[in-house]
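Just below is one structure, and these are the notes that go with it.
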Amino acid sequence: NPVTLASGGVYYVTLKDACNPVTAVVTSASARLTVIQAPTIGTNLPTDRTVCESANDTLRVRAVGAGLRFQWYKNGAAISGATDSNLVLSNANATTIGSYYCIVSGTCSPSVTSATCALNVALKPRITLDASDLDICVGTYGTVSVTATGTNLVYQWYKDGKPVAGGFNAALSFSNYDYSMDGRYQCIVTSNVPNPNNC
């Protein structure tokens, strides 16, 4: 007392007659003491993780102990049916973003709580209003533009497949237009977010 993992083993007792300790000896049957370990986490969650939009990913917790049971939580609420040591995240999207952790319980108390993982999804930018054709007279002013949604948007306009110098805004303006500006214009919109997975 108290019981520790080192207490486990096979126990027996030997009784000796104090008057004749050499020959008056009896040994009891042996009894095994098995110590049931309370759950402990060996492999924990990372503190943060970024997943590509539409990708699949898995959060993992590894624990030791008897009768292990797992319950995953997102933003403090239990996730229905998430009772495995692995939490599979399918088709990541904006609703996947949140704080995740797992509570591991077992035959013996106390239960143990994993580290909390701040999960982010690198969302793709979306163009909500595309550029349209522009007919313009020489010497006049005109604009082509796109409207997009996303985080920390970065714009780059291209003319006939080549980057336009200074074309870093949602709108590309032409002043004193001349025929050399004729061409096919296109804008690539990027979300400039931390992106370790190269989404």
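Side notes on the structure shown:
- First in segment 1-18 and in contact (Cβ under 8 Å) with a residue 24 or more places away in the chain, second anywhere and aliphatic (A, V, I, L, M) and in a loop (DSSP other than H, G, I, E, B), Cβ under 6 Å, 6 or more apart: V3/V35; L5/V35; S7/V35; G8/V35
- Residue count for segment 128-145, restricted to those that are assigned to a strand (DSSP E or B) and exposed (fewer than 15 other Cβ atoms within 10 Å of the Cβ): 4.
- Scanning segment 164-197 for residues being of a type outside the set (G, A, S), free of Cβ contacts under 8 Å to residues at least 12 places away in the same chain and open to solvent by 90 Å² or more (accessible area, probe 1.4 Å) gives a total of 0.
- From the list N120, N86, the one residue that fits, being under 25 Å from the mean Cα position of the chain (by Cα), at pLDDT below 95 and more than 29 Å from R184 (Cβ to Cβ), is N120.
- Residue that is surrounded by the fewest Cβ atoms within 10 Å (Cβ to Cβ) [pool: residues in segment 71-94 that are out of contact with any strand residue (DSSP E or B) (no Cβ under 9 Å at 6 or more places or on another chain) and polar (S, T, N, Q)]: S80
- Hey, V144 in contact with a strand residue (DSSP E or B) (Cβ under 7 Å, 6 or more places away or on another chain), within 27 Å of T190 (Cα to Cα) and not small (G, A, S) or not: yes
The values are calculated or read from the model by the stated rules, or taken from the named source; none is laboratory data. The model shown is predicted, which means the values in this text are computed figures rather than measured ones. Here the Cβ is made from the backbone with ideal geometry for all residues, glycine too, and neighbour counts use every protein chain on show. In case anyone asks, the SASA skips ligands and DNA or RNA and just uses the protein heavy atoms, side chains included. Shrake-Rupley method; radii C 1.70, N 1.55, O 1.52, S 1.80 Å.
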